[in-house]
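A short write-up of the structure that comes next.
No lab work stands behind these numbers, since they all come straight from the coordinates. Note that this is a predicted model, so its numbers are computed, not measured. Reconstructed Cβ throughout: ideal geometry from the backbone, glycine too, with neighbour counts over all protein chains shown.
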Amino acid sequence: MNKTINQKAWFFVIPVFVLVAFNAIIPLMTVVNYAFQETFGNNVFMWEGTRWFKQIMLSERFHASLGRQFLFTFIILFIQIPLGIAIALTMPKEGIGVPICLVLMSMPLLIPWNVVGAMWNIFALPDIGFLGHSLNALGFDYNFTQQIGDAWFTTILMDVWHWTSLVVLLSYAGLQSIQPAYYQAAEIDGASRWAVFTKIELPKMKKVLTIAILLRFMDSFMIYTEPFVLTGGGPGNATAFLSIDLVKMALGQFDLGPAAAMSLIYFFIVLLVCWVFYTLMMRNEGNQ
Amino acid sequence: MKKAKWVVPTIYIIFLMLPIYWLLNMSFKTTTEIINTYTLWPQEFTLENYKTIFTDSTWYTGYLNSIYYVVMNTVISVAAALPAAYAFSRYKFLGDKHLFFWLLTNRMAPPAVFALPFFQFYSSVNLFDTHVAVALSHCLFNIPLAVWILEGFMSAVPKELDETAYVDGYSFWRFFFKIFIPTITAGIGITMFFCFMFSWVELLLAKTLTAVAAKPIAATMTRTASTSGYELGLLAAAGSLTIIPGAIVIYFVRNYIAKGFALGRV
């Protein structure tokens with residue numbers, strides 16, 4: 001659409017600008033403030049320069065939680081994106097099945113995050129939980145509060161349970177926008193199922209899939225509540241992802257300087273990855 | 001082949017429903033049954049857990065608090081986002097692209113980063129432990145999202161609609177409320193759904209910004225899990241009840257969901 005140049009449009013944007021700035025800029029300035037100074041309370045601050053940043057960048061604790069965070073995010077992206085596409089492809093296209101699938105599949109998205117954690121905790125308890133009990137009955141030695149591998153397995157399974165539906169809904173919407181004529185043409189040409197998928201369906205889903213990957217990256221990178229309730233970051237620090245580690249440092253130990261420096265580095269990483277995605281997405285849109 | 005297609009979604013839905021079933025199952029059991037035995041369905045069916053929640057004010061006020069700030073946040077977000085999304089979809093102005101990206105960056109900010117500064121900031125303006133504080137803080141991620149979705153819907157409306165209305169002598173505001181808003185009701189519905197959803201499920205900020213008076217139900221649950229022993233049945237009942245508002249909202253917007261996603265937003 002060709003847009004008119006109109007500087008008065010700023011008046012329409014002012015309410016949004018004020019509300020978001022109120023919430024984003026002032027608190028962010030507090031974080032910046034702490035990141036460069038040392039405080040002993042009573043509003044006494046001493047300039048520290050980049051000391052906290054150096055400390056965080058060199059600390060093994062940060063490297064470890066960053067590593068865990070990337071590992072977790074990549075694992076869930078590798079599971080959720082293909083799984084979501086597969087489910088969307090097999091979903092009914094019309095009839096009574098559509099609303100049933102949509103409503104049931106959206107359920108996990110609307111459960112408060114700590115309830116998701118609590119629910120999976122109850123579900124996975126080795127003695128009285130369905131998952132834990134069944135796995136132990138099948139001969140696996142399963143205990144997610146004691147064993148690192150089990151804790152990771154449970155956390156990943158929980159995230160797959162929680163968020164795959166978002167990928168399904170997005171892919172499904174992308175598939176719905178394909179005109180039947182495309183499929184008819186493919187049938188006349190005798191295209192295989194695989195060719196239909198790679199040549200018609202995947203290109204049409206490209207835009208929604210970019211959004212799905214972007215959203216899943218952002219949200220899994222910021223994950224806090226669910227693993228905190230499920231495992232509390234344990235056993236040990238095995239599932240202490242970035243946010244969990246950060247809250248531990250800021251509110252638990254009250255190391256405000258290092259925590260603020262870590263916040264800024266953390267935010268910067270998310271921003272950088274999203275900016276790359278966003279630019280690529282916009283470039284694709286421009287080409288079409 | 002046609003019939004086999006049902007298998008994958010069915011298995012997936014069963015996988016989704018199992019933990020929910022287990023939560024419901026636990027909520028209808030007595031504490032002794034939970035601790036002593038492993039049963040696939042309640043042997044002594046009891047509503048005791050639900051009764052406690054509906055009669056104890058620390059429990060049910062949690063629900064009321066949550067609903068109160070979620071509704072407040074949804075209204076503020078959509079009301080502020082409507083004119084802004086219109087501006088982004090219709091006009092070019094100084095810094096529009098940068099502003100749009102800046103808004104989106106706030107959707108990317110990890111809430112954990114903001115928890116402590118929010119606590120200090122809202123305490124200093126005397127809003128700590130009020131519903132307004134939580135509703136305003138959730139604007140941080142809901143307003144960018146609302147602008148993003150609404151802009152998509154508004155861009156799909158041809159500009160000729162605006163021009164025809166002006167030719168017919170409509171003033172801007174009369175056009176906006178009488179013609180434009182009714183044509184994008186589906187979009188507004190979807191936006192409200194997502195604002196409701198993200199405000200309802202968020203806990204970190206809601207918990208940080210409240211103590212007693214505006215404490216959300218989700219935070220009440222974490223307290224019970226940690227302090228008063230292991231009351232799993234009560235916890236399960238409270239958890240089950242938090243699913244209901246979401247389920248109601250999904251039911252009402254089910255026809256819009258696919259359509260909203262189809263525009264490639266969210």
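How big is the Cα convex hull of the stretch B:1-46 in projection, averaged over all directions, in nm²?
It is 3.9 nm².
Out of residues 5 or more away from A:GLN37 or on other chains, whose amide H comes under 5 Å of its own, with H placed 1.01 Å from N in the peptide plane?
Under 5 Å from the amide H of A:GLN37 lie the amide H atoms of A:GLU48, each far enough along the sequence or on another chain.
With a point put 7 Å past each Cα toward its Cβ, work out how far B:GLU160 is from A:ASN6 in nm, to one decimal.
Taking the two extended label points, one gets 1.9 nm.
Note down the magnitude of the dipole of chain B about its Cα centre, charges +1 on Lys and Arg C-beta and -1 on Asp and Glu C-beta and zero elsewhere, to the nearest 20 debye.
680 debye
Can you list residues whose amide H is under 5 Å from B:LYS92's amide H, if they're 5+ apart or on another chain and H is modeled 1.01 Å from N?
Amide H neighbours of B:LYS92: A:THR4, A:ILE5, A:ASN6.
Tell me which DSSP H helices of chain B clear both cut-offs, 18 Å or more of axial length from alpha-carbon atoms and a mean Kyte-Doolittle hydropathy of at least 1.6. Before the final figure, lay out the partial values.
Working: long enough: B:7-27 (30 Å, 1.74); B:57-90 (49 Å, 0.67); B:96-108 (19 Å, -0.10); B:111-124 (19 Å, 0.94); B:131-155 (33 Å, 1.37); B:185-201 (24 Å, 1.68); B:232-262 (41 Å, 1.40).
Once both thresholds are applied, what remains is B:7-27, B:185-201.
Helix by helix, which DSSP H runs in chain A go 18 Å or more along their axis at the Cα atoms and have an average Kyte-Doolittle hydropathy of 1.6 or more?
Span-like helices in chain A: A:10-35.
Give me B:ILE179, A:ILE5 sorted ascending by neighbouring Cβ count inside 10 Å, so fewest comes first.
Ranking B:ILE179, A:ILE5 by Cβ neighbours within 10 Å, fewest first, gives A:ILE5, B:ILE179.
For A:THR198, A:THR30, what's the fewest-to-most ordering of other Cβ within 10 Å of each Cβ?
The fewest-first ordering by Cβ neighbours comes to A:THR198, A:THR30.
Between A:LEU280 and A:SER59, 0.36 nm times their residue separation minus their Cα-Cα distance comes to what?
On the way: separation 221, 0.36 × 221 = 79.56 nm, distance 3.29 nm.
76.3 nm is the gain from fully extending A:LEU280 to A:SER59.
Cα gyration tensor of chain A, axes a ≥ b ≥ c as square roots of the eigenvalues: rounded (a/c below 1.5), prolate (a/b > b/c) or oblate? Don't skip to the end; give the middle numbers.
Numbers: a/c = 2.30, a/b = 1.25, b/c = 1.84.
In terms of gyration-tensor shape, oblate.
Among the listed pairs A:LYS93/A:LYS204; A:LYS93/A:LYS207; A:LYS207/B:LYS97; B:LYS97/B:LYS178; A:LYS248/B:LYS51; A:LYS248/B:LYS215, which have their C-alpha atoms separated by more than 24 angstrom in this model?
Over 24 Å apart, Cα to Cα: B:LYS97/B:LYS178; A:LYS248/B:LYS51.
Taking neighbour Cβ counts within 10 Å as the exposure measure, how do A:GLU38, A:GLU94, B:GLU202 sort from fewest upward?
Values: A:GLU38 14, A:GLU94 7, B:GLU202 25.
Ranking A:GLU38, A:GLU94, B:GLU202 by Cβ neighbours within 10 Å, fewest first, gives A:GLU94, A:GLU38, B:GLU202.
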